[in-house]
Amino acid sequence: MNALIHHGPTGLRGVKYGKIDDGQPGKHEVKIKLKSAGINHRDLFVPNRRTAEAQPLVLGSDGAGVVEEVGEEVTNVKVGDKVIINPGIGWRNNSDAPPEEFEILGFPDHGTFAENIVIRAENVVPKPSFLTWEEAGALPLAALTAYRVLFSRANAKADQTIFVPGIGSGVATFLLQFAKAIGARVIVTSRQEAKLQKAKEIGADRVIHTNDNWEQQLADETIDIVIESVGAATFNRSLSVLRKGGTMVTFGASAGDEVQLNIRSFFYGQYSLLGSTMGSHEEFLDMLNFIDKHEIKPIIDSVYPLSKALESLKYLDKGEQFGKIVLDPTI
């Protein structure tokens, strides 16, 4: 089958579009003919973690498609079913943190940037009928991450104001959509005026340029929750606008892993700092019920054929997208 494969050297230089064996489903597994696959920042990070000596790996975590074959003892799906993939492996039930065996599809196992994928049947569920293939493929990782951050961790409520620095990523756009669905007030930032305008169009109550003085701009606001995914570049700026006793949830560090924190100011402020990563299968099902109830559709930035997958990753690396970038293996 055709796929986007990393087989050295480290980084995107080692990523090529080519042929690889598609495999056959074993016990408890299914083979899915993929109709779409969403791209995440993780797909940029994985090639940087691998060396030229590593075995070829198909990238990609998100996907949706049609069940083509089923292995022994598979009872939850049948050939012909339209399904969406939960990329979280080994985290079935809700818990404070993922179990030690938790992995994400696309590393170390083959992922979804291909024509087919073989995966455990427990990781596929019926595709939401109101979503197109492109929307379904864009949903899993980012929407699950946003759902756990907002509801399982931050416990967001309708009467709260939520601050999301760096609007434009898949997770950030889901955070905006989910928060507005429950009636919360949402404020976002970006360096790009076009992204700020698009954020307004999908419900942002207020938008601020990243380079503005956030404390001055938001002096008249009471920020209950800050959702931080940028990392060192914005962490303390984000904390500075959070109300005393407020909650910050962090799930990413695209601009640096390590931050300096004035611990005295932190404990006097009575802040709560929470971490979050992906989510359980139970949360995945809850997220699907949530988007169905509120008729939420992913924001799609662009769609690339699978053969142009490397170009799509380079586009994502520039940070110019608003919403999800999707691959279509059928074109």
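A compact table of results
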quantity	calculated
Filtered residue count, the stretch 77-86, keeping only those that are open to solvent by 60 Å² or more (accessible area, probe 1.4 Å), in contact (Cβ under 8 Å) with a residue 40 or more places away in the chain and either assigned to a loop (DSSP other than H, G, I, E, B) or under 24 Å from PHE102 (Cβ atoms) (or both)	0
Given (1) in contact (Cβ under 8 Å) with a residue 60 or more places away in the chain; (2) open to solvent by 30 Å² or more (accessible area, probe 1.4 Å); (3) not β-branched (Val, Ile, Thr), number of the condition ASP62 does not satisfy	(2)
Candidate set from the stretch 9-36 (those that are farther than 20 Å from GLY80 by Cβ and open to solvent by less than 10 Å² (accessible area, probe 1.4 Å)); member that is farthest from the chain's Cα centre (by Cα)	GLY14
Qualifying residue in the stretch 230-253 (condition: out of contact with any Cys (no Cβ under 8 Å at 6 or more places or on another chain), farther than 21 Å from GLY269 by Cα, in a strand (DSSP E or B) and modelled with pLDDT of 95 or more)	no
Those residues of the stretch 230-253 which are among the polar types (S, T, N, Q) and either open to solvent by less than 30 Å² (accessible area, probe 1.4 Å) or within 17 Å of LEU175 (Cα to Cα) (or both), in sequence order	THR234, SER238, THR247, THR250
Residue that is nearest to ASN155 (Cα to Cα) [pool: residues in the stretch 268-316 that are under 15 Å from the mean Cα position of the chain (by Cα) and open to solvent by 50 Å² or more (accessible area, probe 1.4 Å)]	THR277
Given (1) in contact with a strand residue (DSSP E or B) (Cβ under 7 Å, 6 or more places away or on another chain); (2) assigned to a loop (DSSP other than H, G, I, E, B); (3) farther than 17 Å from GLU29 by Cα, index of the condition VAL74 fails	(3)
In the stretch 254-267, the residues that are without any contact (Cβ under 8 Å) to a residue 12 or more places away in the chain, aliphatic (A, V, I, L, M) and open to solvent by less than 70 Å² (accessible area, probe 1.4 Å)	none
Evaluation of ILE89 against (1) in contact with a Phe, Trp or Tyr (Cβ under 8 Å, 6 or more places away or on another chain); (2) open to solvent by 50 Å² or more (accessible area, probe 1.4 Å) (one fails), failing number	(2)
Odd one out for GLU100, checked against (1) more than 23 Å from ALA3 (Cα to Cα); (2) in contact with a Ser or Thr (Cβ under 9 Å, 6 or more places away or on another chain); (3) open to solvent by 10 Å² or more (accessible area, probe 1.4 Å)	(2)
Tally, over the stretch 105-138, of residues that are under 20 Å from GLY18 (Cβ atoms), open to solvent by 30 Å² or more (accessible area, probe 1.4 Å) and in contact with a helix residue (DSSP H, G or I) (Cβ under 8 Å, 6 or more places away or on another chain)	2
Test: residue in the stretch 269-290 that is part of a loop (DSSP other than H, G, I, E, B) and of a type in the set (Phe, Trp, Tyr)	yes
Given (1) assigned to a loop (DSSP other than H, G, I, E, B); (2) open to solvent by less than 10 Å² (accessible area, probe 1.4 Å); (3) farther than 20 Å from PRO128 by Cβ; (4) not aliphatic (A, V, I, L, M), number of the condition PRO47 does not satisfy	(1)
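The values are calculated or read from the model by the stated rules, or taken from the named source; none is laboratory data. Because the structure is predicted, anything quoted here is derived from the model rather than measured. Cβ sites come from the backbone with ideal geometry, for glycine too, and all protein chains shown count toward neighbours. The area values use the complete protein model at the heavy-atom level, side chains included, leaving out ligands, DNA and RNA. Shrake-Rupley method; radii C 1.70, N 1.55, O 1.52, S 1.80 Å.
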